[in-house]
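Data first, discussion second: the structure below is written as structure tokens.
None of the figures in this text is laboratory data; all of them are computed from the coordinates on show. These numbers come from a predicted model, not from an experiment. Positions of Cβ are generated from backbone atoms using ideal geometry, with glycine treated the same way; all protein chains shown enter the neighbour counts.
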Amino acid sequence: MTTLYGPDGQPLRHSQETRAVQIRGGQPLALDHLDLNPGWRDYSSADGNLFGRYGFTRAFARQTCRTVYAINGLFQVAVDLAAAFLVGDAIRYGTLADKGLQQIMEDFWMANGLEHVISSRMINEWMLDGEQAIVFPTGADAPGADAPAIIGMLDVDHAGFRLDANTSRGATPSDMAERLQLELTQGNPLTWERGEFVWNAHNAFWNDPRGYPISLGAADFAIAYVNMMNMRLNVHQLQQRILAVYKAFLDPNGKDADGVPDGGVHGWRMKGMGFRVLPEQGGVIQLVHQPGYTDRDGVKYDGVNESLDFMRPAQGAADAAQDMKLIMRMVGLAIGGMPEHYFGEGGGATRTTAESMGLPSIRLANKRQAAFRHTITRMLRAEAVRRGGRDRKWQVAKGSRRRVPIDLIEFPIEFPEIREESLETIIRRAEFAAANGYASAQTLTSDIGFDAAREKDRGATALQDNPLPRPAPQE
């Protein structure tokens, strides 16, 4: 029988074995197999049914992403990085031609701390839920037309949440949504009618106004990565407790301490006693070397060499490293086409390949920025209608007499620029546009990374009401 000894020199028993350190977030959520159908979409827009047409329901998808975000460090960082990549801390608004509308936008923005709300909450919940329900105060809680409204955000995972939709109103989730309800107590629901809320959903297809989490595809890969790490930790924990394997010679003619033949067991145990505790500063290790010989009858006997083999990392460590890098790459791909070096994994990409590989993720980020800008624009339009009325029309351009309904006004919401050009290329293009009068001072200022409205208030000469001075032509 083989016996394993611990650092104290005593045989390891089951009760003495300690569990290796484990990283949280490596176990998938408990789920009965009966809760799964092949599909990710519910039979209806409600989430009461646990069975989905294309797998598990969107309720389970939301709970998965929320739970993995809370317990899995890799998934949490991936979501935070993707969110920061989209909005950063620099979402601002530009200047509108209509001064009244400009004042409404500024009041609403400042009263709600919208820049902070977007970067600290809205974008993360958008990544984890794929749905956003923003409501305005109604009834006695609604402020007057001379004061900005303070918005609220509903928990779309609440059991009493309900969305009513009408496909005749439009093709997007925001257009289809016509009523929100939140039942906190039975028989007494809170209701928001069209114009009193803003709704948006990710991956809402086939006239279904409900969406799915943006980060759902990365959840399983993040769990797999932590599982792989925990497997490696178990291996290293075992190797830490077993420093070496001593292969000792067992003399079949050996005797015990009383001279009774025991087949060499006593001698084998005595040899093992010398290696129960190894000296910290090193020492001399005595091993048996018995050369082979031939007896008088010509029978040959093989020699015996004892050995002490110190443990090395398991041979699968290199393969595990490659597997973990692949899983890490899949996490980045699923969360938003992000390259692996964003997660501290350099990989084999050079600067040239990294630039070309980044283009798809930039395009995807631009697409997601557009979807999020749509939500903010809807909020500002709803506030403008609340304060100015549905029938009021607004000035389109400075100096123009043309006025249009609020639904035709595009608000100048400025997200951080995500593009593949170098700063040198951007500056060259801005200089060319300025020299030929192709763009305004405000556009060029934003293009090179400055906040045009803020710099104008601070007295930037080129952003005042004077025309942008043109640089002298280069010879």
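What to note about this one:
- Extension gain, residue 80 to residue 393, is 108.7 nm, computed as 0.36 nm per intervening residue step minus the present C-alpha separation.
- Annotation for residue 448 and residue 460: the two label points, set 7 Å from Cα along the Cα-Cβ direction, are 0.9 nm apart.
- The simple spin-label model puts a point 7 Å past each Cα toward its Cβ; for residue 63 and residue 237 those points are separated by 2.9 nm.
- Estimated FRET transfer efficiency (residue 304, residue 256; beta-carbon r; R0 25 Å; 0.05): 0.80
- Gained length - residue 374 relative to residue 402, 0.36 nm times residue gap less alpha-carbon distance: 7.7 nm
- Around the amide H of residue 93, modelled in the peptide plane, lie the amide H atoms of 414, all under 5 Å away and 5 or more residues distant in sequence or on another chain.
- Inter-label distance, residue 269 to residue 247: 2.5 nm, where each label sits 7 Å from its Cα along the C-beta direction.
- Over 19 Å (Cα to Cα) - which of 99/456; 247/300; 99/393; 393/456; 367/393 fall in this group: 247/300; 393/456; 367/393
- Computed lengthening from residue 366 to residue 190, 0.36 nm per intervening residue step minus Cα-Cα distance: 59.8 nm
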